[in-house]
Structure formats: structure tokens, C-alpha cells
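None of the figures in this text is laboratory data; all of them are computed from the coordinates on show. Everything numeric here is computed off the predicted structure, so don't read it as measured data. As a convention, Cβ positions derive from the backbone with ideal geometry for all residues, glycine included, and neighbour counts pool all protein chains shown.
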């Protein structure tokens, strides 16, 4: 497999067919998200996999009536945590400690290190931005994984997060919707798949020092 050819093949799909992603392939996509690198490995995000047609129809009303929301095989709503509490961090540190056979003292030291960093983000007004960045790292990994599996995707920011949060009851789960990723298979009627991909020449993109 040539990853460059796969990335040339992918595009932001505008029209999806009614073909569904097989369960095994969907599992691969979601496992790739789970394996994504995030700050400290904290994984302060969740992915809502929306398959219910009625829920998707309701969401579409607050997504600029974009057909990808209802017509794709699955709609992934990538969410950040609203808050990263000391309890969340402690549970994470204990999971790390158990996996790596760390002592209780080492676990507590690691938890305090992350708690201090999170407190700094909050104090400087960078907390939400930090969490959003984690979600976008996951988004990039998801899109690449989909391309490798010949699954189409379309990253979308054109929606009303507050309405999505309300319909999906995200606030009650300490979550806020950040970006959408409808995934599935392109329709033969999507003209965008036939358009030439335009990117900078590498010499215009890179600076070697």
C-alpha cells in the first residue's frame, strides 16, 4: 500500500452513497482513534457514533442542512471534555500505574504533575484551546485511517455546537461537540471526486534550517 496514493485519493466527500461500512472496518477506524497520540496520553475526548436516522435528521437542522450528516454511513461527533477534574486525572494516573507497575507514590506524583499543568491552562485561559487541539489530532488520524481503508470522510465545522450538545445530551456527560466527521462511501454523483487536488509544491511548504 502506498500511503501517498491513498491520501491523493481522499477528498472532502460532499455526497455519500447508501452503502454502509462493515462492522469490522468501523471497529478499525474507531480503534485508530483510540490509539491516537494526545497530550500526556490523557485522551480528554470522546467520539459519539451516530447511526440513528431520526437523531441525524434532528442534527442536520443545526448543521446548515448538509446532506453528509444524514446520508453518510455513520456520523462521528468528536467531542472534548468540558472539564478535566482531579478525579479524572487521578483515575488516569492509576490506570497508567497499573499497566506499568508503578508504586502508589509514583502514581500520585504523576497525577499531581498533570493536575498542575491543567490548572495552568485554566488560569491562563488556554484550557479549551488545549482540549480542542487534542480533538483535531484525533480527527487527522481518523481521516488518514479512513483513506487507508478506502472509506470516505468529510471533516465539518459548519454546525451549531450548542444545539448538537443539547440533542445528544453532551453537557450531562461532561462533553462539548467540537468537529464532525461523516464517514462512508462516495456517491458516483459527487462531482468533487473528479476535481484535481490542488496543493502547494513542497518547496513552497517546507523550510529547512
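Please work out which residue is surrounded by the most Cβ atoms within 10 Å (Cβ to Cβ), limiting yourself to segment 18-34 and to residues that are in contact (Cβ under 8 Å) with a residue 60 or more places away in the chain and touching a helix residue (DSSP H, G or I) at 6+ places or on another chain (Cβ under 8 Å).
So the residue we want is 29.
Please list, ordered by residue number, the helices (runs of 4 or more DSSP H) wholly in segment 1-81 having 3 or more residues that are farther than 30 Å from residue 117 by Cα and out of contact with any strand residue (DSSP E or B) (no Cβ under 9 Å at 6 or more places or on another chain).
Helices (runs of 4 or more DSSP H) meeting the threshold: 3-9, 23-34, 53-60.
Any idea which of (1) in contact with a helix residue (DSSP H, G or I) (Cβ under 6 Å, 6 or more places away or on another chain); (2) in contact (Cβ under 8 Å) with a residue 40 or more places away in the chain; (3) surrounded by 14 or more Cβ atoms within 10 Å (Cβ to Cβ) is the one residue 163 doesn't satisfy?
Going through the list (1) in contact with a helix residue (DSSP H, G or I) (Cβ under 6 Å, 6 or more places away or on another chain); (2) in contact (Cβ under 8 Å) with a residue 40 or more places away in the chain; (3) surrounded by 14 or more Cβ atoms within 10 Å (Cβ to Cβ), residue 163 breaks only (1).
Yes/no matrix, rows are residues, columns are (1) in contact (Cβ under 8 Å) with a residue 60 or more places away in the chain; (2) surrounded by 15 or more Cβ atoms within 10 Å (Cβ to Cβ); (3) under 16 Å from the mean Cα position of the chain (by Cα):
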{"position": "57", "(1), (2), (3)": "no, no, no"}
{"position": "64", "(1), (2), (3)": "yes, no, no"}
{"position": "96", "(1), (2), (3)": "no, yes, no"}
{"position": "102", "(1), (2), (3)": "no, yes, no"}
{"position": "106", "(1), (2), (3)": "no, no, no"}
{"position": "116", "(1), (2), (3)": "no, no, no"}
{"position": "132", "(1), (2), (3)": "no, yes, yes"}
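I'm trying to understand the selection: among the residues of segment 1-24, which are under 18 Å from the mean Cα position of the chain (by Cα) and within 16 Å of residue 75 (Cβ to Cβ)?
Answer for segment 1-24, where residues must be under 18 Å from the mean Cα position of the chain (by Cα) and within 16 Å of residue 75 (Cβ to Cβ): 12, 13, 21.
In segment 178-199, which residues are farther than 20 Å from residue 8 by Cβ and either assigned to a strand (DSSP E or B) or without any contact (Cβ under 8 Å) to a residue 12 or more places away in the chain (or both)?
178, 179, 180, 182
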